[in-house]
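J.: Got a structure for you, written out below as structure tokens; questions coming shortly.
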């Protein structure tokens, strides 16, 4: 019994199709589906917020806000070995908040709404201020050693007309 003869052009086409299909399957297997949060409620960290494509504020440490208003702050580790002992603040959070709430400079922008973070690199306490300035998320910054305050506007950049 004789075998079926397949023309050369057909054989080449089948081989190319098999190579393409194998390549696609191999790439999908190696890379795998990307597991990114699909809704703002799925986001639980700064890294996930950035990966989801949300805007990152030009502040230190950087911050990312989801469409539903959740704010995530980048965790920054200091020191040459990235395992350095954090600098302990001299003020307590409550003392720093008292300075923030009593600050005339910060009060001109808006009232303190929440505590955000203590920045070990700059030895500052950061408290969110309520403000209506579009594209900005101002903070009252309290310097740990002196108790002096300033406003950091943390604006995201150009505002569409």
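The values are calculated or read from the model by the stated rules, or taken from the named source; none is laboratory data. Keep in mind that what you see is a predicted model, and the values were worked out from it rather than measured. Cβ placement follows ideal geometry from the backbone for every residue including glycine, while neighbour counts extend to all protein chains displayed.
J.: In region 125-134, which residue that is surrounded by fewer than 22 Cβ atoms within 10 Å (Cβ to Cβ), touching a strand residue (DSSP E or B) at 6+ places or on another chain (Cβ under 8 Å) and without any contact (Cβ under 8 Å) to a residue 40 or more places away in the chain is nearest to residue 94 (Cα to Cα)? If you could, list the steps in order and put the result at the bottom.
T.: Within region 125-134, the first condition is being surrounded by fewer than 22 Cβ atoms within 10 Å (Cβ to Cβ), and the residues that meet it are 128, 130-134.
From the residues that got through so far, the ones that are touching a strand residue (DSSP E or B) at 6+ places or on another chain (Cβ under 8 Å) too are 128, 130, 133.
Of the ones still in play, those that are also without any contact (Cβ under 8 Å) to a residue 40 or more places away in the chain are 130, 133.
On the way: 130: 19, 133: 27 Å.
Ranking the qualifying residues of region 125-134, first place goes to 130.
J.: Would you check which residues across region 4-48 are modelled with pLDDT of 85 or more, part of a helix (DSSP H, G or I) and touching a helix residue (DSSP H, G or I) at 6+ places or on another chain (Cβ under 9 Å) and list them?
T.: 48
J.: If you scan region 135-161, which residues turn out to be surrounded by 16 or more Cβ atoms within 10 Å (Cβ to Cβ), at pLDDT 90 or above and not in a loop (DSSP other than H, G, I, E, B)?
T.: Of everything in region 135-161, those that are surrounded by 16 or more Cβ atoms within 10 Å (Cβ to Cβ), at pLDDT 90 or above and not in a loop (DSSP other than H, G, I, E, B) turn out to be 139, 140, 141, 142, 143, 149, 151, 152.
J.: Only one of (1) over 15 Å from residue 58 (Cα atoms); (2) in contact (Cβ under 8 Å) with a residue 60 or more places away in the chain; (3) in contact with a strand residue (DSSP E or B) (Cβ under 6 Å, 6 or more places away or on another chain) is not met by residue 142, so which one is it?
T.: (2)
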